[in-house]
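Asks: Let me give you the structure first, and then I'll get to my questions.
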Amino acid sequence: MRRRTPTAGLALALFAAVTATLTTTAASAAPAPVSAAPALVAAAPDISVTNVQAHLTQLNTIATNNGGTRRAGSAGYTASVSYVKAKLQAAGYTVTEQYCSACTYPSNNLIAEWPQGPADQVVMFGAHLDSVSAGPGINDNGSGSATLLENALVLAQQNPSMTKRVRFAWWTDEEQGLNGSEFYVNSLSATQKSYIKGYYNFDMVGSTNGGYFINRITSTTAAPLKAYWDSLNLQPEENVEGQGRSDDYSFQQGGIPTSGYAAGASARKTSAQATKWGGTANVAYDSCYHRSCDTTANVSATVLNRSADGVAYAIWQLAVGGGTPTNDFSVAVSPTSGSVARGGSTTATVSTATTSGSAQTVSLSATGAPSGVTVSFSPSSVTSGGSATMTVSASATATTGTFTITVTGAGSVTRSAAYTLTVTGTGGCTGGQLIGNSSFESGSAPWTASSGVITNSSSQAARTGSYKAWLDGYGSSHTDTLSQSVSIPAGCSSYTLSFWLHIDTAETTTSVAYDKLTVQVGSTTLATYSNLDKASGYAQRSFNLAAYAGQTVTLKWTGVEDASLQTSFVIDDVTLQVG
């Protein structure tokens, strides 16, 4: 879990931990009274705490072999990703690594999806895999990572019928500001976000003097987590300490319902909590928080076991069906959006997959196309598991604009996927350079900028001419913005946004990004730079904007500076070349 800073937003953080050398009594919170669990709990498997501890032992060994840390971007983190990924691939998961270019320490998120259940009904379980530089991070957050890994392996082993799709994630760069999960959420389209019905975060779930905390405890999303701990008479509380400090905050900001378990970090256990949960009052939940002693000895097997079993209960309640598997399938479109000019056409691939039961015939159709646009499929029906080519054609008089087309597969059930279509007025490529006043020499138009950003001040040299855009550089809390709206034509073969950036800073750190520049197209973040990227002179930065062909978008640069030590982000010669 990241340390709280004055600029941190509010959210919820969860905690997790496991160990292979730990006994159930040494340095752990005393068990709370246990009542009989409800009958529904029997449907969920018991998660072996010994197996969770074995994963923690491996993570501890990885840290030991790599300088005592698993910090994001380090060899220890890369080895941690490899360990988790190998286990998941062997179990049959669809596993991807997502490179977080905007992270303080650029490195990979790890995403694993169990390929059963409807693809548009997803429940997601996540934990950050990185540690701080000071230690191996076994409670923070090997515990959450290992808890989810063992739950994923048990789900694959039992292979039940699924009513929803289960997706697991292990995040990078959480300790530097939730950067990995934020990058992932920002990469999702509105449709992809809508598929995620709940995100559950687990960050420090094995603290030795731990408590039993739930994020957003009264929410509908939290209900299965609370039901399991209620069945053990644990009397859980709201995770106040963790608000705004872990990866669930990224999903909250994206409009996705969240919850999760936590066992506590550096805050102290109250007398009332010690009375009902055991442990020591007026002592931190985790006395090794962010320290080198956060090893396998720094985990309560009791707290860890209750957390791991609660995760399994939630998975089974949320996503697992009973009885004989019904025949079901999913539908997906790739790419999820496209552009077509009047008189032209474009294609996409419609893929289907059998998610439970047996394969079946799926008939394909589409609705939502505007006047003058036709959608056809070749073939028009497939056996689930197969794919078809979708062709979208626009007449010379087709209605222009952006539309949502719903692609539907009909079999024993009906499943659908969304495709965003942009119809433009003319065909062909109108090439050239699209940015107005690209070197800032002609005043401010058509740029929109904070006061003083477009300047010919001699304190920072322009790359060419006299003017440039100079964001921040005040040495105090400050935010500057620079933006321009651009209409990007369809039908071109290349779309390259380039600008020259010089970063000058008085910050002396080599590890903390205090001041940041974010580059966006619309609501999508292309890159984030910081005081850590300082360099003499200008460096060219380039991005492919082909995904925005046929759209009018806003290009935006936002510089955010903290309370001390200036960082200047100086931009010049911005171009968007299409051809």
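The values are calculated or read from the model by the stated rules, or taken from the named source; none is laboratory data. This one's a predicted model, so the numbers in the text were calculated from it and none came from an experiment. Neighbour counts are summed over all protein chains in view; Cβ atoms, including those assigned to glycine, are modelled from backbone coordinates with ideal geometry. The protein model used for the area step is the full one, side chains on, heavy atoms only, and it has no ligands, DNA or RNA in it. Shrake-Rupley method; radii C 1.70, N 1.55, O 1.52, S 1.80 Å.
Asks: Any idea which of (1) assigned to a strand (DSSP E or B); (2) of a type in the set (A, V, I, L, M, F, W, C); (3) open to solvent by 10 Å² or more (accessible area, probe 1.4 Å) is the one A134 doesn't satisfy?
Replies: So the condition that A134 fails would be (1).
Asks: List every residue pair whose Cβ atoms lie under 9 Å apart, where the two residues are 6 or more positions apart in sequence or sit on different chains, the first residue falls within segment 258-284 and is aliphatic (A, V, I, L, M), and the second residue, located anywhere, is part of a strand (DSSP E or B) and surrounded by fewer than 22 Cβ atoms within 10 Å (Cβ to Cβ).
Replies: Taking only residues 6 or more apart or on different chains, the pairs are A265/A284; A267/A284; A281/R268; V283/R268; A284/R268.
Asks: Check S536, S485 and return the single one that is open to solvent by 60 Å² or more (accessible area, probe 1.4 Å) and in contact with a Pro (Cβ under 8 Å, 6 or more places away or on another chain).
Replies: Working: S536 fails: in contact with a Pro (Cβ under 8 Å, 6 or more places away or on another chain).
Of S536, S485, the one residue that is open to solvent by 60 Å² or more (accessible area, probe 1.4 Å) and in contact with a Pro (Cβ under 8 Å, 6 or more places away or on another chain) is S485.
Asks: Could I ask something else about it? With G142, G180 as the choices, which residue is open to solvent by less than 40 Å² (accessible area, probe 1.4 Å), part of a helix (DSSP H, G or I), out of contact with any helix residue (DSSP H, G or I) (no Cβ under 7 Å at 6 or more places or on another chain) and closer than 30 Å to T525 by Cβ? Write out each step before concluding.
Replies: Details: G142 fails: out of contact with any helix residue (DSSP H, G or I) (no Cβ under 7 Å at 6 or more places or on another chain).
Result: G180 is the single residue among G142, G180 that is open to solvent by less than 40 Å² (accessible area, probe 1.4 Å), part of a helix (DSSP H, G or I), out of contact with any helix residue (DSSP H, G or I) (no Cβ under 7 Å at 6 or more places or on another chain) and closer than 30 Å to T525 by Cβ.
Asks: Please go through segment 215-229 and give me each residue that is buried (at least 22 other Cβ atoms within 10 Å of the Cβ) and either over 19 Å from G242 (Cα atoms) or touching an Asp or Glu at 6+ places or on another chain (Cβ under 7 Å) (or both), ordered by number.
Replies: N215, P224, Y228
Asks: For segment 297-322, which positions are open to solvent by less than 10 Å² (accessible area, probe 1.4 Å) and assigned to a helix (DSSP H, G or I)? Write out each step before concluding.
Replies: Of the residues in segment 297-322, the ones open to solvent by less than 10 Å² (accessible area, probe 1.4 Å) are 298-301, 303-304, 307-308, 310-312, 314-315, 319.
Matches in segment 297-322: A301, V303, L304, S307, A308, G310, V311, A312, A314, I315, A319.
Asks: Taking the residues in segment 386-409 that are over 12 Å from V375 (Cα atoms) and of a type outside the set (S, T, Y) as candidates, determine which candidate is surrounded by the most Cβ atoms within 10 Å (Cβ to Cβ).
Replies: Top of the filtered list is G409.
Asks: What is the one condition in (1) open to solvent by 30 Å² or more (accessible area, probe 1.4 Å); (2) part of a helix (DSSP H, G or I); (3) in contact with a Pro (Cβ under 9 Å, 6 or more places away or on another chain) that A86 does not satisfy?
Replies: Result: A86 fails condition (3) only.
Asks: Given S476, S523, which one is of a type in the set (G, A, S), farther than 27 Å from E441 by Cα and modelled with pLDDT of 95 or more? Step through it out loud before you land on a result.
Replies: Working: S523 fails: modelled with pLDDT of 95 or more.
Among S476, S523, only S476 is of a type in the set (G, A, S), farther than 27 Å from E441 by Cα and modelled with pLDDT of 95 or more.
Asks: When residues of segment 257-270 are filtered for being over 20 Å from T147 (Cα atoms) and open to solvent by less than 10 Å² (accessible area, probe 1.4 Å), how many remain? Before the answer, list the steps.
Replies: Step one: list which residues in segment 257-270 are over 20 Å from T147 (Cα atoms), which gives 257, 266-270.
From what is left, the residues that are open to solvent by less than 10 Å² (accessible area, probe 1.4 Å) are 269.
Residues that pass the stated criteria total 1.
Asks: So which residues in segment 92-120 are surrounded by fewer than 18 Cβ atoms within 10 Å (Cβ to Cβ) and farther than 30 Å from T518 by Cβ?
Replies: If the condition is that a residue be surrounded by fewer than 18 Cβ atoms within 10 Å (Cβ to Cβ) and farther than 30 Å from T518 by Cβ, then G92, T94, P115 are the ones that fit.
Asks: On to the next question. Look at segment 42-75 and say how many of its residues are in contact (Cβ under 8 Å) with a residue 60 or more places away in the chain and either open to solvent by less than 10 Å² (accessible area, probe 1.4 Å) or of a type in the set (G, A, S) (or both).
Replies: Residues in segment 42-75 being in contact (Cβ under 8 Å) with a residue 60 or more places away in the chain and either open to solvent by less than 10 Å² (accessible area, probe 1.4 Å) or of a type in the set (G, A, S) (or both): 12 in total.
Asks: Next question. Give the residues of segment 540-579 that are within 15 Å of G431 (Cα to Cα) and crowded, with 19+ Cβ neighbours inside 10 Å, sorted by residue number.
Replies: L545, Y548, A549, G550, Q551, L576, V578
Asks: Taking the stated definitions as given, is A332 of a type in the set (G, A, S) and crowded, with 21+ Cβ neighbours inside 10 Å?
Replies: Working: of a type in the set (G, A, S): yes; crowded, with 21+ Cβ neighbours inside 10 Å: no.
Criteria not met by A332.
Asks: Mind counting the residues in segment 118-146 that are under 19 Å from R71 (Cα atoms) and β-branched (V, I, T)? So that I can check it myself, show each step before the final result.
Replies: Start the filter on segment 118-146 by keeping residues that are under 19 Å from R71 (Cα atoms), which leaves 126-146.
Okay, now just the ones that are also β-branched (V, I, T), so 132, 138.
Summing the residues that are under 19 Å from R71 (Cα atoms) and β-branched (V, I, T) in segment 118-146 gives 2.
Asks: Name the one entry in S246, S194 that is among the small types (G, A, S) and part of a loop (DSSP other than H, G, I, E, B). Lay out the reasoning, then the answer.
Replies: Numbers: S194 fails: part of a loop (DSSP other than H, G, I, E, B).
From the options S246, S194, the qualifying one is S246.
Asks: (1) out of contact with any His (no Cβ under 9 Å at 6 or more places or on another chain); (2) open to solvent by less than 60 Å² (accessible area, probe 1.4 Å); (3) at pLDDT 95 or above: which one isn't true of S494, the others all being true?
Replies: With (1) out of contact with any His (no Cβ under 9 Å at 6 or more places or on another chain); (2) open to solvent by less than 60 Å² (accessible area, probe 1.4 Å); (3) at pLDDT 95 or above applied to S494, the lone miss is (3).
Asks: Also, quick follow-up: Across segment 425-480, what is the number of residues that are open to solvent by 70 Å² or more (accessible area, probe 1.4 Å), small (G, A, S) and within 31 Å of the chain's Cα centre (by Cα)?
Replies: 1
Asks: Please state which of the following conditions N531 fails to meet, knowing it meets all the rest: (1) buried (at least 21 other Cβ atoms within 10 Å of the Cβ); (2) in contact with a Phe, Trp or Tyr (Cβ under 6 Å, 6 or more places away or on another chain); (3) touching a residue at least 60 places away in the same chain (Cβ under 8 Å); (4) of a type outside the set (D, E, K, R).
Replies: Every condition holds for N531 apart from (3).
Asks: Just the residues that are open to solvent by less than 10 Å² (accessible area, probe 1.4 Å) and either outside any loop (DSSP other than H, G, I, E, B) or not aliphatic (A, V, I, L, M) (or both), please, taken from segment 201-212. Let's see the steps before the verdict.
Replies: Within segment 201-212, the subset open to solvent by less than 10 Å² (accessible area, probe 1.4 Å) is 201-207, 210-212.
If the condition is that a residue be open to solvent by less than 10 Å² (accessible area, probe 1.4 Å) and either outside any loop (DSSP other than H, G, I, E, B) or not aliphatic (A, V, I, L, M) (or both), then N201, F202, D203, G206, S207, G210, G211, Y212 are the ones that fit.
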